[in-house]
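Asker: One structure, pasted below without further comment.
No value in this document is a laboratory result; all are computed from the given coordinates. It should be emphasised that the depicted structure is a prediction, and the values quoted were computed from it without experimental measurement.
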Amino acid sequence: MKIFLLLAGSLVFLVSACAYIFVKLKLKPKQDSEIDDIYWEFEDSSPDLARYNKLSQITFGGVVMGMILLFLSVIF
């Protein structure tokens, strides 16, 4: 059980951390006034910014889950 938690936690943590870094570096939309001018009336944010925020939250959640699995492998 301990080996399984350690391997699963390590895999989830590494994949999620790499994906999180990729999202933060490559998928972040450029800030310009056009995005604010177009979308302030109709939506909360532009589609690119909404996708960026969604993927950031998903990958950060994966990092947290990986850390929890690693912590559980230390305890059990």
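Asker: Please turn the phi angles of the range 59-76 into ³J(HN,Hα) values with the Karplus equation 6.51 cos²θ - 1.76 cosθ + 1.60 (θ = phi - 60°), one per residue in order, whole Hz, x for glycine and proline.
Answerer: 5, 5, x, x, 4, 5, 5, x, 5, 5, 5, 5, 5, 5, 5, 6, 6, 8
Asker: Pull out the extension gain between M1 and L14, defined as 0.36 nm times the separation in residues minus the alpha carbon to alpha carbon distance; nm, one decimal.
Answerer: Contour length minus Cα-Cα distance gives 2.7 nm.
Asker: Please turn the phi angles of the range 47-55 into ³J(HN,Hα) values with the Karplus equation 6.51 cos²θ - 1.76 cosθ + 1.60 (θ = phi - 60°), one per residue in order, whole Hz, x for glycine and proline.
Answerer: x, 5, 5, 5, 5, 4, 5, 5, 5
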